[in-house]
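Here is the structure we will look at.
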Amino acid sequence: MPDDKDPRDHDFSSGQGLDEEYEEFDLEPPELSVDPTKVDPVDSRVVTDLLDQRNITSEEVDAEQLIDVGISYTRINRYEAATGALERAAQYAEDDRVAQEAWVNKGAAHAELEEYDLAIGAYEEAIKIDDDSEHAATARTNLAYALWESGQHEQALDHAEQAVELDPRFPEAWYNRGFFLLERGLAEGAVEAFDNAMRLGMRSPEILDEKARALEELGEYEEAEEIAEEARDLRKEAEEDLVDQ
């Protein structure tokens with residue numbers, strides 16, 4: 001918040017200056033030093049705009065720290081700013097693992113903005129780096145979702161299947177697989193996929209709703225109602241928790 005105090009009311013010390021050998025001290029990291037006449041200080045994109053490869057070497061930029069910045073932006077729903085920070089992180093990362101993580105998170109931020117073509121491109125960049133790493137299953141799972149939202153349903157299921165193969169202990173991959181199978185009328189396979197996701201710790205109202213829907217498709221109405229009731233209970237608990245906070 002701006003200080004309303006008139007600076008003219010303050011008596012400034014004239015001081016005695018600094019020795020010629022004094023080295024300038026600056027709280028800003030060197031990669032963010034700028035000419036204030038050329039940058040709008042309230043521009044939310046200023047951090048990413050400053051990290052220009054024409055002026056800065058990769059050694060001067062902490063890519064992992066930039067990823068943290070991007071993720072922090074997503075947590076406060078500033079997805080556009082997140083995409084900028086994460087793209088810079090990917091560009092400056094010297095470690096493939098770090099670059100891949102940046103691309104995956106960039107894709108997720110684009111998906112939140114419903115920019116699915118850009119999300120797909122980011123996930124594909126991540127997969128190009130290494131299609132068998134710790135982040136590859138996440139990239140393929142998220143890619144499957146983005147493809148589905150962009151209308152490429154068959155490709156979405158293919159990537160969901162690959163995600164499960166890459167990491168059979170990734171619950172989100174099983175959930176996506178179950179959802180896509182159910183959308184294609186393969187309810188039995190969907191129930192199996194949802195059960196796998198739930199065994200791995202994923203038990204949200206959303207997955208319970210989808211499993212209930214799959215059970216209804218199979219004619220298992222009694223079990224479907226039990227699962228749907230559990231989903232309603234979880235939502236009620238979550239609402240009560242919000243009220244108590």
(message) Please go through (1) small (Gly, Ala, Ser); (2) assigned to a loop (DSSP other than H, G, I, E, B); (3) over 22 Å from the mean Cα position of the chain (by Cα) for Ala238 and return the number of the only condition it doesn't satisfy.
(response) (2)
(request) Output the number of residues of the range 94-120 satisfying the condition of being in contact with a His (Cβ under 8 Å, 6 or more places away or on another chain) and more than 21 Å from Ile76 (Cα to Cα). (result) 2
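So that you can scan it fast, the table gives a plain yes or no per residue for (1) without any contact (Cβ under 8 Å) to a residue 12 or more places away in the chain; (2) over 27 Å from Gln100 (Cα atoms):
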residue: Ala119; (1), (2): no, no
residue: Lys128; (1), (2): yes, no
residue: Arg140; (1), (2): no, no
residue: Leu147; (1), (2): no, no
residue: His153; (1), (2): no, no
residue: Gly178; (1), (2): no, no
residue: Ala187; (1), (2): no, yes
residue: Asp195; (1), (2): no, yes
residue: Gly219; (1), (2): yes, yes
(request) Can you work out which of the residues in the range 58-80 that are part of a helix (DSSP H, G or I) and more than 12 Å from the chain's Cα centre (by Cα) is surrounded by the most Cβ atoms within 10 Å (Cβ to Cβ)? (result) Leu66
(message) Based on this model, can you work out whether Trp148 counts as modelled with pLDDT of 95 or more and either in contact with a Phe, Trp or Tyr (Cβ under 9 Å, 6 or more places away or on another chain) or on the phi > 0 side of the Ramachandran plot (or both)?
(response) no
(message) Being among the hydrophobic types (A, V, I, L, M, F, W, C) and either closer than 25 Å to Glu161 by Cα or surrounded by fewer than 22 Cβ atoms within 10 Å (Cβ to Cβ) (or both) is true for just one of Ala99, Ala93, Ala85. Which residue is that?
(response) Ala99
(request) Being surrounded by fewer than 24 Cβ atoms within 10 Å (Cβ to Cβ), charged (D, E, K, R), more than 12 Å from the chain's Cα centre (by Cα) and closer than 28 Å to Glu192 by Cα narrows it down to one of Asp167, Asp117, so name that one. (result) Asp167
(request) Determine, yes or no, whether Asp195 is over 21 Å from Glu112 (Cα atoms) and in contact with a helix residue (DSSP H, G or I) (Cβ under 8 Å, 6 or more places away or on another chain). (result) yes
(request) Could you check Gly151 against (1) touching a helix residue (DSSP H, G or I) at 6+ places or on another chain (Cβ under 8 Å); (2) not assigned by TED's automatic domain parsing to the domain that holds Glu210 and say which number it fails? (result) (1)
(message) Out of Asp132, Asp158, I need the residue that is surrounded by fewer than 19 Cβ atoms within 10 Å (Cβ to Cβ), more than 15 Å from the chain's Cα centre (by Cα) and part of a helix (DSSP H, G or I). Which one?
(response) Asp158
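The values are calculated or read from the model by the stated rules, or taken from the named source; none is laboratory data. For clarity, every value in this text was computed on a predicted model and none was experimentally measured. A quick note on method: Cβ atoms are made from the backbone with ideal geometry, for glycine too, and the neighbour counts reach across all protein chains shown.
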